[in-house]
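Some notes on the structure that comes next.
Quick note: the coordinates plus some simple rules give every number you see, no bench work behind them. Just so it is clear, the structure is predicted and the values come from calculations on it, not from any experiment. Quick reminder, even Gly has a Cβ in these numbers, built from the backbone with ideal geometry, and neighbours come from all protein chains shown.
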């Protein structure tokens, strides 16, 4: 059997009924197009989420001060909990096994001379271990040293964008004024890629727009500011990634005891967030392919209906072909080829339209969408499989027709 000639003959038969062929392909086209576009958006969202979480550090455990209501603050005072403190950082460094570095951070509300009030820079009071915990790289100078924290030296390190925005003040050796207090610039960070987080749990700071000062040397809180904890965040850098999960449980237990059993903190484990995001993505992909399978099945029913109608209309043609020597296998292969060509053509058209839709979404909506190989290949394979299944019964029915009865059919 010449398969190339068979496919050409099947294609010619479909072209003779262009409108019916086009309408029969629509179900396959839209199903494949939808699954390509949806999986591309899901893949883009997954990559963006993983990149956001990755900024927090997969070997890190982040302890954040929780935002408390007035009632919760009263309950915390009853338990003698004063929020996150430097004592907590020292306790965690001593009691949590496998810790490579512990760093404390305090967000500072301070006016920066020369910075825009509409888009202010972030002032962060940190300990000397902070750059090691987050792998911050220096472009010039040095970072805050332990002696700077001990002596409360008025020095600062600028993020790449902070240095650029502050102009002449933001150079190595320049003086930056925070709440009218001068701080000597001793270092400038290298530019760091930053992706804005869509939720508080995975939000990472934009260190390009930060100003780092030694913890304890920051300007005093303004009058009227409510009493705040010593630290807003404690960062634990683990020596090995596999130690993160058990260490986070130990850290929570240590802090619960230190805070009198009152949980006024939040423990964030980026690695667990990554695992959760990947599990959610797998479930989402299964649901999408289930929807695509149902859509393709509906399209396949339409193709089967068209093929049965085609067999009925071409009964006399089948009889003539059988009379001049075509076997039942030839007849079955011809009609099966028509069904496969229908779904293959619909699948290819759906892939092209799906990619065009992804490009349109990226350009117009600004959503990050990524087309990968396996959804395209799987969608096309499913389309061809539907073509085989939907064309099998009409092909067998055409092959089983009695040649003499088919020749007499009007």
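Quick notes on this one:
- Considering helices alone, the calculated mean residue ellipticity of the chain at 222 nm is -18000 deg cm²/dmol, with DSSP H runs of length four and up weighted by -39500 (n - 2.57) and normalised per residue.
- Between helix 18-54 and the chain there is an angle of about 20 degrees, using the helix long axis and the longest principal axis of the Cα atoms.
- Calculated on the Cα set of segment 36-157, radius of gyration then Dmax: 18.9, 59 Å.
- Computed over the Cα atoms of segment 59-269, the ratio of the radius of gyration to the Kirkwood radius (Rg/Rh) comes to 0.97.
- Long-range tail of P(r) for segment 97-216 (Cα pairs > 20 Å, %): 39 percent
- Using the average count of surrounding beta-carbon atoms within 10 Å as a protection proxy, the listed peptides 100-108, 289-297 rank, highest first, as 100-108, 289-297.
- Per residue, the convex hull spanned by the Cα atoms of segment 231-368 measures out at 228 cubic angstrom.
- Rounded to the nearest 10 degrees, the angle from helix 86-95 to the longest Cα principal axis of the chain is 60 degrees.
- Multiplying the residue separation of residue 392 and residue 360 by 0.36 nm and subtracting their alpha-carbon distance yields 7.8 nm.
- Which labelled figure in (i) 30.4; (ii) 28.6; (iii) 21.6 is mean projected area of the Cα convex hull in nm², once derived from the coordinates: (ii)
- Cβ crowding within 10 Å averaged over residues, with 243-256, 27-40 ranked highest first: 27-40, 243-256
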